[in-house]
1. What number of residues in the range 10-39 are of a type outside the set (S, T, N, Q), in a helix (DSSP H, G or I) and free of Cβ contacts under 8 Å to residues at least 40 places away in the same chain?
2. Could you tell me whether any residue of the range 62-83 is closer than 14 Å to C41 by Cα, polar (S, T, N, Q) and at pLDDT 90 or above?
3. Say whether the condition of being in contact with a His (Cβ under 8 Å, 6 or more places away or on another chain), more than 21 Å from A7 (Cα to Cα) and in contact (Cβ under 8 Å) with a residue 24 or more places away in the chain is met by at least one residue in the range 58-76.
4. With the checklist (1) over 16 Å from the mean Cα position of the chain (by Cα); (2) open to solvent by 30 Å² or more (accessible area, probe 1.4 Å); (3) touching a residue at least 24 places away in the same chain (Cβ under 8 Å); (4) over 15 Å from T113 (Cα atoms) in hand, flag the one item R5 doesn't pass.
5. When residues of the range 78-104 are filtered for being in contact with a His (Cβ under 9 Å, 6 or more places away or on another chain) and charged (D, E, K, R), how many remain?
6. Given (1) of a type in the set (A, V, I, L, M, F, W, C); (2) open to solvent by less than 20 Å² (accessible area, probe 1.4 Å); (3) over 17 Å from P147 (Cα atoms), identify the lone condition not met by V90.
7. In the range 40-77, which residues are over 21 Å from L142 (Cα atoms) and open to solvent by 30 Å² or more (accessible area, probe 1.4 Å)?
8. Being modelled with pLDDT of 95 or more and more than 22 Å from A7 (Cα to Cα) is the requirement here; does A48 meet it?
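The values are calculated or read from the model by the stated rules, or taken from the named source; none is laboratory data. Note that this is a predicted model, so its numbers are computed, not measured. Ideal geometry is used to build each Cβ from the backbone, glycine not excepted, and the neighbour counts take in all protein chains shown. Remember, those area values only see protein heavy atoms, side chains included, never the ligands or the DNA or RNA. Shrake-Rupley method; radii C 1.70, N 1.55, O 1.52, S 1.80 Å.
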Amino acid sequence: MPARRIAPERLIAALNAQRQALGQGAWAGGGLDPRVLGRACVEAVLAALDAGAQPRADAMRAAVTYLLDLLSTDAPGRAVEVRVPPYAAVQCIAGPRHTRGTPPNVVETDPVTWVRLALGRLSWAQAREAGRVSASGPRADLSEHLPLLRGTTSASALLD
């Protein structure tokens, strides 16, 4: 199950609303490539978190969806379901897949924790110790797949 796709026009609107909330101008990256827009939303959400602000829900949804898509691309399969309510869920990691009911391998976390995990701002072990991630099943360990964007220490480092 891929994460829900967000229309490029909605991505731009979410990105610009988050940038405006940060006191920044409209995004000037151009184009409608959802991957570029998703990455820009991650940058804007990270900037909000770094500033101690609550990211806008639409920008957070876009960032979470983009990062879950990266995970499912980097670790294809259907053995583990990763849930970030209320925004999205994906199935990933090779292995036995489930077809009905609750999957045997489930990871669930909140959006802020997911963004921090995906960007390497929080380790898998730290998140588990703090109770910020629920992981059940023998394959429900994402530590070898995180962070998704390596070497990211600041929001400005996200854009190539």
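1. First, the residues of the range 10-39 that are of a type outside the set (S, T, N, Q): 10-15, 17, 19, 21-23, 25-39.
Going one step further and asking which of them are in a helix (DSSP H, G or I), we end up with 10-15, 17, 19, 21, 34-39.
Then drop every residue that is not free of Cβ contacts under 8 Å to residues at least 40 places away in the same chain, which leaves 12, 19, 21, 34-38.
Number satisfying all stated conditions: 8.
2. Yes, the conditions are met somewhere in the range 62-83.
3. Step one: list which residues in the range 58-76 are in contact with a His (Cβ under 8 Å, 6 or more places away or on another chain), which gives 71, 74-75.
Then keep just the ones that are more than 21 Å from A7 (Cα to Cα); that gives 74-75.
Within this subset, residues satisfying the condition of being in contact (Cβ under 8 Å) with a residue 24 or more places away in the chain are 74-75.
Yes, the conditions are met somewhere in the range 58-76.
4. Failing condition for R5: (1).
5. Step one: of the range 78-104, the residues in contact with a His (Cβ under 9 Å, 6 or more places away or on another chain) are 78-79, 81, 91-93, 104.
Remaining after also requiring charged (D, E, K, R): 78, 81.
Count: 2.
6. (3)
7. Correct list: E43, D50, A51, G52, A53, Q54, R56, A57, D58.
8. On the way: modelled with pLDDT of 95 or more: yes; more than 22 Å from A7 (Cα to Cα): yes.
Judged against the criteria, A48 is a match.
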